[in-house]
Every structure is written in C-alpha cells, then in structure tokens.
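To keep things clear, I will list the structure first and then write my remarks on it.
Any read-out appearing in this document is the output of simple, stated calculations on the displayed coordinates, not a laboratory observation. Remember, it's a predicted structure, so these values are computed and weren't measured experimentally. Cβ sites come from the backbone with ideal geometry, for glycine too, and all protein chains shown count toward neighbours.
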Amino acid sequence: MKFEKKDLLDLKSLSVDEINLILDTAKSFHEILERPIKKVPTLRGKTVANLFFEPSTRTKLSFELSVKRLNADLINFSSSTSSVLKGESLIDTARNIMSMKVDALIVRHSSAGAAHILARELPISVINAGDGAHEHPTQGLLDLYSIKEKKGKIASLNVAIIGDIMHSRVARSDIWGLSKLGAKVKVCGPPTLIPKDIEKMGVKVTYFIEEALSGCDVVIMLRLQRERQKTAFISTIEEYREFFALSEEKLKLAKPDAIIMHPGPVNRGVELPVALADSSRSIILEQVTNGIAVRMAVIYLLLT
Amino acid sequence: MAILIKKGKLVDPASGCEDILDILIEGEIIKKISENIKVKGAKVIDADGRIVIPGLVDMHTHLRQPGREDEETIQSGTLAAAKGGFTTVCCMPNTVPCIDNPVVVSYIFCEAMKNAKVEVFPIGAISVARKGKRLSEMGRLKKAGVVGFSDDGRWVVNSQLMRRAFEYAKMLNIPVISHCEDPFLSEDGVMNEGYYSTILGLSGIPGEAEKVAVFRDISLLELTNSRLHIAHLSCRDSLELVKKAKKENLRVTSEVTPHHLTLSDEAVKSFDTNTKVNPPLRSREDVQALKMGLKEGVIDVIATDHAPHSKEEKELEYPEAASGVIGLETALSLVVKEIVEPGLLTLKEAIARLTINPSRILGIDRGEIKEGGIANVAIVNLSKKWCVEEKDFLSLSKNSPFIGWTLPAKVEFTIFKGKVVYKD
C-alpha cells in the first residue's frame with residue numbers, strides 16, 4: 001500500500017489503513033534506531049524545512065533527527081513572535097522558504113489551521129507538528145505506536161485522557177486515533193477545561209479522576225497549560241492538583257498493568273508527581289524514542 | 001431620456017402588485033405604471049420573462065470610507081450595491097474617524113454626491129468613538145441626516161448609557177440598532193462554540209453571548225418604550241426572545257444576513273477565513289431556526305452586513321484574520337436560492353424583507369414602486385444562473401465565502417433615480 005495523501009495534517013481525516021501503514025513503517029524504522037549506525041540513505045537529496053512559530057524543544061529536535069536519520073537535508077526556521085507582528089504573513093514566509101526548493105514543510109504554529117492553510121496554498125508536502133489546540137498528528141501516532149508496542153493491540157483497550165482537554169491538540173489527535181482503532185476513551189478534567197460537545201467525538205466525559213481511572217489500561221496525563229490560564233479556567237494550581245493530579249493511591253483504581261503516558265513537557269509535581277513520572281509504570285521516555293521512528297515513517301511515506 | 005420597461009413582472013410588496021405591467025420613468029420619477037404603455041422617444045428595456053422589483057435597500061453596509069479606502073470606498077461600495085440590485089445602502093459608523101459627529105455625516109453625503117452610484121444613508125454612532133462611555137450628539141446627528149444609531153461591531157455594555165440612547169432615539173423617532181454580543185462571553189472566540197469549535201481547536205463564542213445581550217436590550221426597550229432593531233441575529237434562542245417581545249407589542253425589529261441563512265459552523269472546517277464572521281456562523285439547527293423566524297415574521301429584514309476586508313487582513317491564520325464577508329453582490333441570489341426556491345417565502349415576501357421592511361424601520365420613503373415615487377428599480381432574471389468569481393466582484397475587497405458557487409437570479413439592470421447605474 002502506498003500513502004496517497006500529500007500532507008499529514010490531522011488524524012481525523014486518516015483511514016484505519018493509513019494509520020496502520022504509518023505504524024508498520026515506523027516499526028521498521030524503530031529497528032534502525034537500535035543499530036550502531038542509525039541512518040539510512042532513503043531520502044538523500046531531499047530537503048525538509050522545519051518551520052516553528054511556537055517554542056518547542058522535543059518536537060523540533062525529534063523532527064530534526066528524523067529528517068537526518070533519513071539522510072535528507074534540513075533547514076530550520078524559528079520565530080517566537082507572531083508573523084503578523086513582524087509584518088510578513090505565515091503564507092509569505094512559507095512561500096519564501098518553498099522557493100528555496102524544499103520538498104516538505106514541518107509546521108508548528110500557535111493558531112489552529114495554520115498547517116491546513118499552508119497545505120492548501122502550497123504544492124509541497126506539509127506536516128503538521130501541532131497547530132494551536134487543533135491537532136498534533138505525529139504525537140497522536142506515536143502514542144498509538146507506544147500503546148500498541150506495550151499492549152500488543154489498541155482495540156478494546158480502556159484509555160483515560162486526563163487534564164486540560166480544552167487546550168490540548170494531543171487530546172484531539174489521540175481521541176481520533178484511538179477511536180478509529182477501536183479503543184474506548186474517557187476524558188477527564190474540570191468542566192471549564194472540557195470543550196463543548198466533545199461526547200460527539202465518541203468519548204465519555206467525567207469530572208472525577210477516580211471514575212476515569214477505574215479499570216483503565218492506559219492513562220494519558222496532559223500538561224496543564226498554565227500559559228493559557230489568563231481567564232481563570234481553574235482557581236489555583238493547588239486545588240487542581242488535589243482534584244486532577246495522578247497519585248499512587250488513585251492509580252490503584254486502574255488495571256495493575258496500566259501504563260502512564262504524557263506528551264511532555266511534564267509540569268513535574270502538578271499533574272504528575274515526580275515519583276510516578278519516573279516509575280516503571282511510566283513510558284514517557286519510550287514515547288520520545290518512538291516519536292523518532294514514527295516521524296521518520298511519516299516523512300518517508302510523504303516523500304517517496 | 002425617459003425609460004420604458006416593457007412586459008416585466010412587477011413584484012412590489014408594498015402595494016402587493018404581482019402583474020405583468022409596463023413602467024414609464026421620466027426624470028427621477030416613475031411616471032406611469034400600466035399595461036401596454038406606448039410612448040415615443042423613450043429608451044425601451046424589454047423585461048419580458050424578468051421580474052421588476054423596487055431597488056433593494058440594505059440597512060447594514062460597511063463602506064469603509066473614511067479611513068480604509070484600500071478596502072472599499074463610497075464609490076466602489078455603491079458600484080457593488082448597484083450590481084446586486086441595491087439602490088439604497090445604510091453605512092455603519094465604524095469608519096475612521098467614526099460617524100459620531102455631524103462633520104463626518106456631511107463628509108459622507110458630500111462624497112456620495114460626487115461618487116456614489118446609489119443612495120447612501122449614514123447610521124450614526126450611539127457613543128463617542130463607539131467607546132460606550134459617552135452619548136454622541138444624537139440630535140445633531142439626526143439633523144445632519146443619519147437614519148439610525150448603532151455602535152455596530154460593539155455592544156453598548158453600560159446599560160445606563162444604552163437606556164439613555166433609547167430615550168433620545170425615542171425623541172428623534174429613529175431606531176437604535178444593536179449589535180448584540182456580550183464581550184465577556186465572546187472573549188477570544190473566533191467561531192460558534194460547539195462540536196466544530198471543539199474538533200477544530202478554535203475558541204468558541206456561545207450563542208448565549210448574543211442571547212443575554214438581546215435580553216438586556218429588550219428589557220431596556222420595555223423600560224423606555226423606544227425602538228430597537230437587532231442587527232444580524234444568529235441563533236435560535238435570541239430569536240425566541242424577539243418573538244416574545246413582538247407578542248408583547250414592543251417596538252422591536254430584527255435582521256438576518258444571507259450568509260447566516262446559508263452557511264453553518266461546519267463550513268469553518270476548511271479553515272477558510274472567509275467563513276469568519278461576527279456573529280459567527282452558527283449550528284445547522286440555528287440556521288433552520290433563522291429560516292423559520294424569517295417565515296414567521298420574527299425577522300423583518302435581510303441585510304448584508306457587507307464587510308470588505310483586504311487580503312492582508314484575511315490571508316492570515318484563522319484566529320488572526322478579520323471578521324466579515326462582502327455581501328452586496330450575492331445577497332439577492334442567495335435569498336432566491338435559500339429562501340424562495342425551497343418555498344420558505346414567496347418571492348414577494350422575500351423582496352419585502354429586502355425593500356419596504358427596512359425602509360419602514362428607518363422611516364425612509366424607499367423600497368417601493370409607485371406612480372410619482374422615485375424611480376429606483378431592479379430588473380432581475382430569476383432563472384439565469386451565474387458563477388460567483390473573484391474577478392467579477394466590483395467591491396474593492398474579495399472576501400466572499402461563496403466564490404465558486406453557482407447561484408440563480410442575475411440582476412440585469414439597476415435603475416437609480418431614473419438612470420441605469422448597472423447593466424449586466
């Protein structure tokens with residue numbers, strides 16, 4: 001099977017076959033990462049541009065390494081200020097970089113839809129590396145990959161996604177991906193951070209972490225996006241922690257072999273106590289490794 | 001030269017007329033309406049198979065002059081109006097400077113006299129600089145020629161100030177037009193709050209932002225017994241409030257835009273910034289409710305909220321892009337497609353909401369075809385399909401969500417004060 005889409009913009013529009021193709025391809029790249037020489041010549045001569053309009057450490061480095069492992073050339077563009085303030089629009093910036101004859105753009109932006117707009121305007125491949133609160137498809141894919149690796153399957157697993165659902169692009173990509181592959185998803189957070197009509201995405205909603213954890217196979221903790229708290233979605237961090245942070249005690253409600261995941265960066269001690277983040281239940285660092293394999297797969301499938 | 005319109009079907013909601021008649025125009029005036037008029041030396045327009053309607057009246061237009069002449073001018077905006085069959089447009093006060101004093105009103109009349117293709121009536125601001133702090137000189141604005149008051153784009157948050165505006169407007173006998181939106185509830189929102197805002201990760205504006213504002217304004221209307229016109233209604237709940245107020249014989253009227261009647265928030269899926277409007281496109285249920293409101297007469301007027309924006313303001317990320325779409329050149333066609341063709345309203349009823357209804361609300365002697373009246377007429381080929389193309393817009397701005405659509409009803413002639421100002 002060949003990957004027919006020009007871009008990877010979201011998980012909502014991917015078919016089950018397309019998701020499985022990416023996950024299977026990632027598996028073969030994962031093996032490469034275990035070799036002494038972690039590089040393949042597959043994309044020699046191709047050029048990829050990282051366009052990051054929002055601060056990022058993990059995702060940017062992960063994409064950068066993925067591109068390099070495939071032997072493609074990489075250029076980096078970072079801007080923490082909005083393009084509007086600079087006077088050059090997002091589309092102009094992207095057109096300029098495309099004119100340097102690059103084959104694909106990897107775009108991270110604080111506005112939902114930024115990658116979609118570029119994909120519509122430009123003939124080259126666009127990979128969404130996170131757009132506002134919309135989607136973060138490669139994170140969603142690497143979460144699927146990680147769960148499948150640990151649990152051997154996705155279908156019929158109980159997954160709890162806990163925290164700031166409202167502002168989380170990871171939550172949205174995870175929900176689409178997990179639902180498509182047959183998992184049962186519960187989302188949990190304070191009512192102020194649960195967006196309207198989210199049940200229509202096929203998830204169950206609860207405001208009580210105990211209920212979310214009960215009998216679950218996978219716990220995905222989300223980062224409380226403190227930078228978005230200007231209009232007081234929560235009262236205090238301390239109260240939030242009391243109600244919505246994971247703890248050893250609460251985790252007992254989950255299945256004994258339940259795994260803990262987090263898309264990072266972790267607010268250590270806010271949503272997740274340090275001890276749990278570093279425990280054997282946590283696969284947070286494996287997620288990071290898997291991210292490279294998944295991103296290699298995505299870039300490979302789009303550029304060959 | 002006199003103009004003789006032959007054999008068109010005259011659809012005039014004010015008189016109820018719906019017959020094939022000839023219309024003779026001499027000078028600025030409609031001289032005669034009857035069967036089979038014969039006159040020598042007149043320019044004859046064969047309107048056989050066409051409808052002949054009063055020139056349309058848009059009570060909610062943004063002409064952007066003074067201040068943003070790169071987006072629209074009185075000239076370009078009225079050209080676009082003529083193409084859409086409009087012969088009267090009422091321009092909203094959110095210009096730079098704002099229409100909050102008689103000098104700006106005079107400037108607009110003066111520019112219109114020089115450059116406008118059709119008639120322009122200004123709407124004056126309720127508060128100075130539309131800041132909601134101090135009443136504008138409403139009396140002097142009325143004397144200068146405004147036909148309504150509005151802080152359009154902004155709701156007057158201060159209830160006491162709004163009460164006083166209602167009281168002044170009562171003395172002046174012109175309506176207060178309210179843009180109903182609680183700014184705290186709409187906050188950073190860029191689209192309707194619901195399933196689509198959730199999956200798209202865009203901040204939502206709940207319908208309640210409109211509803212609570214409508215409720216407050218109707219309450220003040222009751223207190224003052226003044227006149228309230230609610231601009232661009234967008235959701236079902238506020239419609240219910242208007243319905244109730246009308247039952248109680250309060251002097252409230254309301255309008256809806258063609259885009260709120262046509263598109264729902266699902267359209268935002270494309271992240272096309274031409275779907276970004278304020279109030280936002282609402283749910284399908286809301287769209288259906290608006291159509292019913294129009295049918296039941298809860299909504300009196302269809303107004304365009306023609307809001308030109310430059311490419312610089314629209315070719316941006318969705319949250320950053322300006323709100324608003326142009327509408328003058330597509331309004332009639334959309335109404336025919338969405339309202340008349342499905343049988344929701346008869347043609348005559350629909351035309352009433354684009355002509356005589358807004359004229360009566362504003363107290364202007366327009367929107368009808370009568371002997372001795374001003375010769376403002378549009379001739380429309382209802383069955384002629386046309387494709388909306390960016391290059392064909394006469395508006396200086398091209399921000400339409402309907403580009404690429406094929407629509408019915410082509411305006412073939414627009415006659416303003418006895419002169420052909422648009423010909424297809």
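Some points to look at:
- Two-decimal Rg to Rh for the stretch B:25-181 - Kirkwood Rh, Cα set: 1.09
- Legend: helices of chain A (whole DSSP H runs) are marked when their alpha-carbon atoms reach 24 angstrom or more along the helix axis and their mean Kyte-Doolittle hydropathy is at least 0.0; marked are A:16-33, A:284-303.
- Angle in degrees between helix B:74-83 and the longest Cα principal axis of chain B, rounded to the nearest 10: 60 degrees
- Rg/Rg_globular for the stretch B:246-337, with Rg_globular taken as 2.2 N^0.38 Å and Rg from C-alpha atoms: 1.18
- Between the C-alpha center of the stretch A:171-244 and that of the stretch A:246-269 there is a gap of 13 Å.
- Result for chain A in a Gaussian network model with C-alpha springs under 10 Å: among A:200, A:184, A:12, the largest mean-square fluctuation is at A:200.
- Fewest-first ranking of B:110, B:17, A:216, using other Cβ atoms within 10 Å as the exposure measure: B:110, B:17, A:216
- Contour minus Cα-Cα distance for residue B:18 and residue B:32 (0.36 nm per residue): 3.4 nm
- Estimated translational diffusion coefficient (Stokes-Einstein, Kirkwood radius over Cα pairs, 4 °C, 1.567 mPa s) of the protein assembly as shown: 46 µm² per second.
- Computed [θ] at 222 nm, helices only, for chain A once each DSSP H run of length n ≥ 4 contributes -39500 (n - 2.57): -11500 deg cm²/dmol
- Here the stretch B:59-133 is assigned +1 on the Cβ of each Lys and Arg and -1 on the Cβ of each Asp and Glu. Its dipole about the Cα centre then comes out at about 160 debye.
- Counting other Cβ atoms within 10 Å as a rough exposure proxy, the listed residues B:168, B:318 run B:168, B:318 from fewest neighbours to most.
- The mean number of Cβ atoms from other chains found within 10 Å of a Cβ in peptide A:161-170 is 1, as a whole number.
- Degrees between helix B:236-247 axis and first principal axis of chain B (Cα, 0 to 90, nearest 10): 70 degrees
- Neighbour-count ranking [beta-carbon atoms within 10 angstrom, fewest first] of A:219, B:335, B:388: B:388, B:335, A:219
- Chain A - convex hull of the alpha-carbon atoms, volume per residue in Å³: 127 Å³
- Calculated FRET efficiency for the pair residue B:391/residue B:247, C-beta based, R₀ 51 Å, to 0.05: 0.60
- Rounded to the nearest 500, the helix-only mean residue ellipticity at 222 nm of chain B stands at -8000 deg cm²/dmol, with each DSSP H run of n ≥ 4 adding -39,500 (n - 2.57).
- Separation of alpha-carbon centers, the stretch B:152-166 and the stretch A:282-304, rounded to whole Å: 55 Å
- Here the spin labels are modelled as points 7 Å beyond Cα on the Cα-Cβ line, and at residue B:134 and residue A:68 they lie 6.3 nm apart.
- Trypsin sites (Lys or Arg not before Pro) within the stretch B:316-424: DSSP coil, no more than 10 neighbouring Cβ in 10 Å: none
- Computed across the stretch A:137-283, the Kirkwood hydrodynamic radius from all distinct Cα-Cα pairs reaches 15.0 Å.
- Paired Rg and Dmax values of chain B, which use every Cα atom, in angstrom: 20.5, 67
- Orientation-averaged projected area, Cα convex hull of the stretch A:119-206 (nm²): 6.5 nm²
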